[in-house]
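Taking it in order: structure first as structure tokens, then the write-up.
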Amino acid sequence: MTGLSKKQRLPQHVAIVMDGNGRWASRRRKPRLYGHKQGALHARDFVEIFAEYGIPYLTLYAFSTENWSRPKAEVDGIIKLLSENLDRAVKIAHEQNIRIRHLGKEDRLPEAIRRKARAAIEKTSNNSGLTVNVAFNYGGRSEIVNAAQQIIRSRIKSDSLDEHVFSRYLYTAGIPDPDLFIRTGGEMRISNFLIWQSAYAELYFTPVLWPDFGRDELEKALTDFGRRQRRFGGLKSQ
């Protein structure tokens, strides 16, 4: 059960930058990787909670193209966590009619991870409930460049190219743009995440670190969203 009013206006797509795992661990005098492990476990639990709200789409920013520059031990640990959690996450997703999609490039991912990710996408592809997009090895600028390259290869004429056509070549093709963009951990920037898709997203920044961002914090964000007037450049709110 949720604590929201039945009249609460909800977004159709929520995107979340899951920030603060390392700081969460440091405050507990634990290694940063311990924080990433707790963050990964929390993400799995969070998806189950989120599914209760009936919001069709959730996108989680798990690992950016820039994160490869972190210390090798930390990167290797995050990759290992992904591999360890995928099987369990897929089992839960399939049991709860959740569809999994991957946003990002496969090129730097180990082959074993690629196989697991493809299997997860295939196994849940016919599920009709919540769609969870996992942005891993993802960068917004890289996504736009990749789309432009595909358009050039497809030989689409310049006078046939508009925003609608361009969007079909993004990783998020067929998915509505996010209405609500949440970033945990106190930073107030979008950090190269869904920069095309978030043009009109409502931004919500919270100092709460990701492992502590639970149901109560989510409902604060959803309530805040419901109070906002969305005009999309016009005069009438939507």
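Readers should treat all values here as calculations from the given coordinates under stated rules, not as data from a laboratory. Predicted model, so just to flag it, every value in this text is computed and none were measured. Backbone-built Cβ (ideal geometry, glycine too); neighbour counts: all protein chains shown.
What's the local net charge at Gly20, with K and R +1, D and E -1, over the other residues with C-beta under 13 Å away?
My count for the surroundings of Gly20 gives +1.
Please report how far the C-alpha centroid of the stretch 153-205 lies from that of the stretch 83-126, rounded to the nearest whole angstrom.
Distance between centres, Cα-based: 22 Å.
Between Trp68 and Arg44, what is 0.36 nm times their sequence separation minus the Cα-Cα distance? Round to one decimal in nm.
6.4 nm
Testing the spin-label approximation: label points 7 Å from Cα along Cα→Cβ at Asn127 and Arg168. State their distance in nm.
About 2.9 nm, to one decimal.
Dividing the alpha-carbon radius of gyration of the stretch 120-235 by 2.2 N^0.38 Å (N being the number of residues), what value is obtained? Provide the component values of the computation, followed by the final result.
Numbers: Rg = 16.8 Å, N = 116, 2.2 N^0.38 = 13.4 Å.
Normalised by 2.2 N^0.38 Å, the Cα Rg of the stretch 120-235 equals 1.26.
For Arg99, list long-range residues whose amide hydrogen, built 1.01 Å from N in the peptide plane, is under 5 Å from its own amide hydrogen.
When sequence neighbours closer than 5 places are left aside, the close amide H contacts are Gly129, Leu130, Thr131, Val132.
So if each residue of separation counts as 0.36 nm, and I subtract the Cα-Cα distance between Gln12 and Asn192, what length gain in nm does that give?
So the chain would gain 62.7 nm between Gln12 and Asn192.
Mind listing the long-range amide H neighbours of Thr59? Cut-off is under 5 Å, sequence gap 5 or more, other chains count too, H placed in the peptide plane at 1.01 Å from N.
Val14, Ala15, Ile16, Asn133
Where in the stretch 1-45 does the label zone of Ile92 land, with the point 7 angstrom along Cα→C-beta and an amide N cut-off under 14 Å?
37-45
Taking +1 at the Cβ of each Lys and Arg and -1 at the Cβ of each Asp and Glu, which of Gly140, Val17, Gly186 sits farthest along the dipole of the chain towards its positive end, judged by Cα position relative to the Cα centre?
Gly186
Is the shape of the stretch 1-134 best called rounded, prolate or oblate, per the rule: a/c under 1.5 gives rounded, else a/b larger than b/c gives prolate, else oblate, with a ≥ b ≥ c the square roots of the Cα gyration tensor eigenvalues? Could the numbers behind the result be given before it?
On the way: a/c = 2.03, a/b = 1.30, b/c = 1.56.
Note, shape of the stretch 1-134 comes out oblate.
Stretched out fully, how many nm does the piece from Arg118 to Tyr200 gain, at 0.36 nm a residue minus the Cα gap? Walk me through the intermediate numbers first.
Numbers: separation 82, 0.36 × 82 = 29.52 nm, distance 3.10 nm.
Stretched fully, the Arg118-Tyr200 segment lengthens by 26.4 nm.
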